[in-house]
1. Scan Ala84, Ala110, Ala59, Ala121 and give me the residue that is buried (at least 18 other Cβ atoms within 10 Å of the Cβ) and in contact with a Pro (Cβ under 8 Å, 6 or more places away or on another chain).
2. Using the structure shown, decide if Leu36 is surrounded by 14 or more Cβ atoms within 10 Å (Cβ to Cβ) and farther than 29 Å from Ile157 by Cβ.
3. List every residue pair whose Cβ atoms lie under 6 Å apart, where the two residues are 6 or more positions apart in sequence or sit on different chains, the first residue falls within region 74-102 and is over 18 Å from Val19 (Cα atoms), and the second residue, located anywhere, is in a helix (DSSP H, G or I) and at pLDDT 95 or above.
4. Kindly establish whether Glu39 is in a helix (DSSP H, G or I), in contact with a helix residue (DSSP H, G or I) (Cβ under 8 Å, 6 or more places away or on another chain), in contact (Cβ under 8 Å) with a residue 40 or more places away in the chain and not small (Gly, Ala, Ser).
5. Restricting the search to region 39-56, which residues are of a type in the set (Val, Ile, Thr) and surrounded by fewer than 13 Cβ atoms within 10 Å (Cβ to Cβ)?
6. Report yes if Glu107 is out of contact with any helix residue (DSSP H, G or I) (no Cβ under 6 Å at 6 or more places or on another chain), farther than 23 Å from Asp49 by Cα and not hydroxyl-bearing (Ser, Thr, Tyr), otherwise no.
7. Sort out which residues of region 78-136 are in a helix (DSSP H, G or I) and of a type in the set (D, E, K, R), and write them in order of number.
Amino acid sequence: MSQQHNGTEPQPPSGFEDVGELVAVLRAHHANKLHLCEELEAIADSLPDRLGPKECLAAARRVVATMHDAHEFEDLVLWPVLRAMRPDDVALEECLQRLYQEHVEDESYADELAAVLTDHAMCVGECNAEAMGYMLRGFFGGVRRHIAFEREHIAPILETSVKAGQ
């Protein structure tokens with residue numbers, strides 16, 4: 001997880017001077033996270049009796065990596081570019097701070113979810129299908145809302161820049 005914006009003027013990271021490329025990478029991360037949500041929803045729908053350990057272990061490995069990769073891109077690459085594009089935009093900064101807090105929460109939730117999925121696959125501890133289903137649905141519901149927010153508030157800033165030829 002990156003640190004919060006500290007008030008210094010950020011410089012766009014090298015290698016991502018093309019804002020169109022940033023939009024493409026953001027969309028790819030959204031697609032990966034939505035695919036993960038579909039996978040987790042299928043697991044939740046298969047509870048309690050139609051869930052195999054292989055699916056649980058695969059999802060446990062993917063959930064942490066997928067969330068970390070997306071958040072690292074946003075925190076360390078995308079947000080510095082947005083801040084450089086709009087250095088005095090207080091609303092944008094508030095938005096990015098909100099998203100940062102969601103990243104912290106989502107990564108913690110992903111870690112817990114990975115542990116529950118792994119335990120379920122290994123039949124360790126109590127395998128409460130109802131609680132696991134509730135946890136899965138809470139996680140992928142939050143991820144989908146986060147993506148929707150970014151599509152409505154972050155992507156348009158970038159897309160406007162691409163159209164303007166920046």
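The values are calculated or read from the model by the stated rules, or taken from the named source; none is laboratory data. These numbers were taken from a predicted model, which means no experiment stands behind them. Backbone-built Cβ (ideal geometry, glycine too); neighbour counts: all protein chains shown.
1. One residue alone meets the criteria, Ala121.
2. Spelling it out, it is not the case that Leu36 is surrounded by 14 or more Cβ atoms within 10 Å (Cβ to Cβ) and farther than 29 Å from Ile157 by Cβ.
3. Note: pairs meeting the criteria are Glu102/His146.
4. Taking the combined requirement at face value, the residue does not satisfy it.
5. Listed by number, the list is empty, since nothing qualifies.
6. No; evaluated as a whole, the condition is false for this residue.
7. First, the residues of region 78-136 that are in a helix (DSSP H, G or I): 78-85, 90-122, 129-136.
Within region 78-136, Arg83, Glu93, Glu94, Arg98, Glu102, Glu105, Asp106, Glu107, Asp111, Glu112, Asp119, Glu130 qualify.
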